[in-house]
Amino acid sequence: MSDLLAALPARGKIALALVVAALVSAPLLVDRYVLSILLLALFGAYLGQAWNILMGFCGLLSLGHALYLGLGAYASAALYVKFGIGPWAGAFAAIALGVAAAAAIGWLGFRFRIEGVYFSLLTIAFAEFARIGFDNLPWLGGAAGFFLPVRAEEAGHWHNLRGGPIFFYYLALAMAAGALVLSTTLRASKLGHAFLAIREDAQAARALGVNVTRVRFVALFISAAMTALGGVFIAFWTNNLFPAQIFDMSRSIDIILAPIIGGVGTLFGPIVGAFLLVPLGEALTEALREFGLNAPGAKALVYGFLLMGIITATPSGLWPWLARKLGLMEKQP
Amino acid sequence: MSFSLYVEVLIQGVLTGLVYGLMALGLSVIFGVVRVVNFAHGEFAVLAMYAAFILFGLFHLDPIVASLPIAAAFFVVGYMLQRTVVQPFVTRPQHEQFILLVGLSIVIVNALLLTFGPESKHTDLSYSFDSYSLGAVLVDKARVYGAAAALVVTTALFAFFRYTLTGAAIRAAADNLTGAAVVGLDVKRLYAISFGVGLACVGAAGSIMMALTDMTPMLGPSLTLLAFTIVIVGGLGSMAGALFGGMLIGVAEALASVIASPSIKSMVSFSLLVLVLALRPQGLFGKAEA
Amino acid sequence: MSGPDNEPLLAVIGVVKRFRGLTAVDEVSLGVRTGEIYAVIGPNGAGKTTLFNLIAGAVAPDEGEIRFAGARIDGQAPEQICAAGIARTFQIVKPFPDLSVIDNVAIGAMLRARDMQTARAQAGDILRKLDLFDKRGQKAGGLTLPDRKKLEVARALATRPKLILLDEVMAGLRPTETDRMVAMLRDINRTDNLTIVMIEHVMRAVMALATRVHVLHHGASIAEGAPAEVTRDPRVVESYLGMKAAH
């Protein structure tokens with residue numbers, strides 16, 4: 001927490017306080033629809049920060065983060081439905097499974113020279129094959145989906161993550177805020193500096209005594225664990241899981257888009273990116289409906305062109321530019 | 001199961017694998033020279049399949065024959081694409097290249113979906129159900145023709161890199177970019193040609209595949225994944241590795257669909273991928289680290 | 001076997017390294033005693049940087065043995081060798097371009113510092129010695145080449161080594177800067193008893209600093225001794241200094 005405040009100039013502290021106050025009081029101020037959009041943005045900010053620790057800090061490009069999300073979701077949901085084990089205990093299993101998958105990818109990916117591309121392709125391959133695997137796993141519903149029962153008598157059982165929209169909104173807010181504090185603390189720490197050194201030049205980092213392989217594993221584990229925890233959230237929030245959705249490439253793209261648009265490697269970039277992209281997506285859906293463009297593929301077609309346009313136009317992300325304009329620049333510690 | 005059936009599956013696997021290999025070769029050429037991973041590779045294969053389907057519908061042109069004009073057209077598309085859209089991204093970080101090409105893949109899939117609908121398409125060729133028999137072993141004619149066409153295109157490609165000045169220049173640029181620029185090679189043009197050659201490979205392969213399988217717009221991602229798997233198994237940037245990896249994956253998948261079930265065949269290529277990376281991280285034909 | 005008392009701090013014994021049939025380092029042996037300033041010289045392509053890479057663990061030798069402070073280190077990873085007390089600079093400088101100058105050095109200091117605050121304080125002290133303190137907030141990617149050379153040295157020193165491998169740190173420095181660097185290195189050598197092994201083309205620095213000089217040619221040792229002695233050796237003059245002397 002102190003690291004977070006130390007990283008901001010006075011104006012930034014005030015701005016952060018205002019944003020936090022607005023988000024905390026949002027359930028009183030806005031309707032359900034707007035709240036659901038805010039929830040999506042917060043959750044996107046959380047996942048984006050998890051990915052940003054790996055890519056933005058440590059320079060490892062994962063293009064298959066849906067893997068950890070899906071594994072976390074299925075692990076906690078399976079324990080709950082099949083064995084009656086609640087999500088808090090389930091979260092440990094989710095994290096363990098996510099970290100185990102990360103360990104396998106890391107072991108295969110970190111040993112070779114052109115590790116950059118190899119690692120990225122491996123992450124895609126693992127996510128895709130997990131999708132196919134879960135499609136063919138009848139025990140957990142296969143391609144037809146896996147569902148968490150929603151029972152009236154469990155309403156308000158918050159200890160089992162059985163709450164309403166406002167409950168999940170605050171949960172997402174807490175997770176996004178927690179991720180911000182963790183990212184800031186990490187970045188100011190010795191471990192965080194080892195991440196940065198590896199991102200900048202792995203060979204030089206090694207010569208200065210940084211155990212590059214071990215530190216890369218740590219970054220991957222932190223990121224995978226956070227993302228798997230996000231999977232627990234998504235399982236108990238949506239109550240249904242489909243391999244074709246949760247493990248899909250488009251899910252991985254959604255996760256990494258917010259930090260890329262917001263600014264890779266910055267603390268606030270993933271958050272700014274999520275709060276820009278989620279409403280933009282909603283607006284796009286609305287606008288296409290207005291124009292009567294409901295044909296399957298129309299929205300995705302526009303989305304594809306938007307992706308190409310945005311990435312061509314914003315090389316280093318919006319946040320560094322925005323922060324300079326508003327005088328909210330993160331101080332380089 | 002009889003011995004002859006195994007031989008049959010093995011041959012079918014090798015023949016299909018040659019077509020896969022040609023597709024993966026395109027990915028390998030683009031990465032090897034431009035250092036950009038074409039994340040829209042499978043979608044380009046599907047685009048080629050539609051092109052072959054249309055040519056078949058209009059002129060009754062055999063998809064295997066159509067692979068040549070389609071490869072030529074895809075060369076032009078690739079050349080232009082590199083010049084206009086991709087070139088600015090050559091020096092940008094990999095994750096930005098990824099978003100660009102994924103955006104492109106989304107555009108291709110959904111443009112096809114809007115134009116042709118989600119139904120699966122196939123071509124009825126006179127020889128679709130014919131086969132050659134070697135004793136008890138039966139081999140589909142379509143696969144034989146397809147593999148032959150793939151071999152022709154691949155041989156032409158090897159000859160291009162081996163015997164033409166432009167091919168030699170591209171190899172030089174792939175080896176040592178600064179050196180190539182210093183001796184006055186127009187690197188941007190070489191990049192555009194390489195991207196064109198890469199798309200010509202995938203164009204030819206996609207067209208040939210139209211003679212072998214049914215096709216839907218949604219086939220793209222699985223073909224992209226297939227190409228990734230092949231190049232990682234074969235060794236990124238190695239042309240021979242792409243071909244051999246294609247045949248290996250072709251055989252493995254063919255065997256898996258006979259022994260187990262067709263739905264499990266991707267899992268088999270995945271296991272193969274993990275196995276190769278565990279035992280020989282640089283891929284079967286990849287260069288060991290210097 | 002010599003006992004630990006008379007064994008040199010760094011011992012390279014019959015080391016061979018081949019790259020695809022080319023022998024880059026051919027049965028080189030040398031010993032550096034604690035507190036020495038030891039120069040490795042030779043024409044381009046003589047295998048000097050490969051020798052450094054072997055000592056620093058960037059590549060493993062095909063034959064021979066490397067010992068440091070009584071323990072065998074050949075085949076160990078660079079980070080282990082750095083932790084054991086050997087720091088190195090890179091001939092082609094490798095700053096962390098997007099990080100500030102002080103963070104670059106603090107990452108070196110991190111190895112033995114308890115926390116970042118301590119590491120940054122130590123980094124500040126080193127930057128003062130090297131006249132880089134005023135630039136501590138700048139991004140390292142924006143420094144001039146002489147400053148990047150100094151940063152390379154600062155970062156290596158920050159790991160608090162017993163022995164430092166300096167790979168052409170004087171190249172590209174102006175004569176006054178060379179003199180400052182020489183004075184600084186001699187000072188650290190005397191006050192901290194830091195052992196220095198340097199590859200250097202700038203003979204003015206070699207003559208001013210080195211207690212002993214080792215000459216490599218085509219990967220093999222051709223002479224070793226005090227600077228004045230070695231520079232008179234006809235084989236050395238022929239292979240290397242001959243062309244320099246013409247300048």
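The values are calculated or read from the model by the stated rules, or taken from the named source; none is laboratory data. Not measured: the values here are computed from a predicted model. Here Cβ is always computed from backbone atoms with ideal geometry, including for glycine, and neighbour counts include all displayed protein chains.
In the condition set (1) touching a residue at least 60 places away in the same chain (Cβ under 8 Å); (2) surrounded by fewer than 20 Cβ atoms within 10 Å (Cβ to Cβ); (3) away from every other protein chain (no Cβ under 14 Å), residue A:169 is compliant with all but (2). Pairs meeting the criteria (first residue in the stretch A:292-312 and more than 7 Å from chain B (Cβ to nearest Cβ), second residue aromatic (Phe, Trp, Tyr) and part of a helix (DSSP H, G or I), beta carbons under 7 Å, at least 6 apart or on different chains) are lacking. Do we have residue B:268 as closer than 23 Å to residue A:142 by Cβ, of a type outside the set (D, E, K, R) and buried (at least 17 other Cβ atoms within 10 Å of the Cβ) here? When the stated conditions are applied, residue B:268 passes them. Scanning the stretch A:174-195 turns up one or more residues that are over 24 Å from residue A:100 (Cβ atoms), part of a helix (DSSP H, G or I) and basic (Lys, Arg). The condition of being part of a helix (DSSP H, G or I), of a type outside the set (Ser, Thr, Tyr), more than 14 Å from every other protein chain (Cβ to nearest Cβ) and surrounded by 22 or more Cβ atoms within 10 Å (Cβ to Cβ) holds for only one of B:73, B:48, that being B:48. Determine, yes or no, whether residue A:70 is more than 14 Å from every other protein chain (Cβ to nearest Cβ), buried (at least 24 other Cβ atoms within 10 Å of the Cβ) and within 12 Å of residue A:220 (Cβ to Cβ). Answer is no for this residue. In the condition set (1) acidic (Asp, Glu); (2) surrounded by fewer than 17 Cβ atoms within 10 Å (Cβ to Cβ); (3) closer than 23 Å to residue C:220 by Cβ, residue C:36 is compliant with all but (2).
Just give me the residues in the stretch A:261-301 being in contact with a Leu (Cβ under 9 Å, 6 or more places away or on another chain) and of a type in the set (D, E, K, R), in sequence order. Once the filter is applied, which keeps residues that are in contact with a Leu (Cβ under 9 Å, 6 or more places away or on another chain) and of a type in the set (D, E, K, R), the stretch A:261-301 yields A:282, A:299. Annotation note: of A:266, A:227, the sole residue that is of a type in the set (Val, Ile, Thr) and either within 19 Å of residue A:67 (Cα to Cα) or surrounded by fewer than 17 Cβ atoms within 10 Å (Cβ to Cβ) (or both) is A:227.
Considering only residues that are without any contact (Cβ under 8 Å) to a residue 40 or more places away in the chain and aromatic (Phe, Trp, Tyr), look in the stretch B:151-176 and name the one that is surrounded by the most Cβ atoms within 10 Å (Cβ to Cβ). That would be B:160.
For the subset of the stretch C:144-187 comprising residues that are assigned to a helix (DSSP H, G or I) and acidic (Asp, Glu), which member is surrounded by the most Cβ atoms within 10 Å (Cβ to Cβ)?
The selected residue is C:152.
For the stretch B:80-99, enumerate the residues that are more than 8 Å from every other protein chain (Cβ to nearest Cβ) and not hydrophobic (A, V, I, L, M, F, W, C). Scanning the stretch B:80-99 gives B:82, B:83, B:84, B:87, B:91, B:97. Selection of helices (runs of 4 or more DSSP H) fully inside the stretch A:268-333 by the criterion of at least 2 residues being out of contact with any Ser or Thr (no Cβ under 9 Å at 6 or more places or on another chain), modelled with pLDDT of 80 or more and under 24 Å from residue B:117 (Cα atoms) returns A:269-290, A:298-313.
Applying the criterion of being surrounded by fewer than 22 Cβ atoms within 10 Å (Cβ to Cβ) and of a type in the set (Asp, Glu) to the residues of the stretch C:93-127, the residue that is farthest from the other protein chains (Cβ to nearest Cβ) is C:125. Of note, residue A:253 satisfies the criterion of being at the interface with chain B (Cβ under 9 Å from one of its Cβ atoms) and either surrounded by 17 or more Cβ atoms within 10 Å (Cβ to Cβ) or in contact with a strand residue (DSSP E or B) (Cβ under 9 Å, 6 or more places away or on another chain) (or both). Taking the stretch B:156-231 and the helices (runs of 4 or more DSSP H) fully enclosed by it, the elements with 3 or more residues that are β-branched (Val, Ile, Thr), closer than 16 Å to residue B:22 by Cα and modelled with pLDDT of 90 or more are at B:187-212. In the condition set (1) under 26 Å from residue B:112 (Cα atoms); (2) more than 14 Å from chain B (Cβ to nearest Cβ), residue A:247 is compliant with all but (2).
Would you pick out the residues in the stretch B:232-244 that are within 11 Å of another protein chain (Cβ to nearest Cβ) and not in a helix (DSSP H, G or I)? Scanning the stretch B:232-244 gives B:235, B:236, B:237.
For residue B:43, only one of the following conditions fails: (1) among the charged types (D, E, K, R); (2) modelled with pLDDT of 95 or more; (3) in contact with a strand residue (DSSP E or B) (Cβ under 8 Å, 6 or more places away or on another chain). What is its number? Unmet for residue B:43, out of (1) among the charged types (D, E, K, R); (2) modelled with pLDDT of 95 or more; (3) in contact with a strand residue (DSSP E or B) (Cβ under 8 Å, 6 or more places away or on another chain): (3). Look at the stretch C:193-215: where a residue is free of Cβ contacts under 8 Å to residues at least 12 places away in the same chain and surrounded by 19 or more Cβ atoms within 10 Å (Cβ to Cβ), no partner that is assigned to a helix (DSSP H, G or I) and among the hydrophobic types (A, V, I, L, M, F, W, C) sits 6+ places away or on another chain with Cβ atoms under 8 Å.
Among the numbered conditions (1) exposed (fewer than 15 other Cβ atoms within 10 Å of the Cβ); (2) closer than 21 Å to residue B:28 by Cα; (3) over 22 Å from the mean Cα position of the chain (by Cα), the only one that residue B:179 does not meet is (2).
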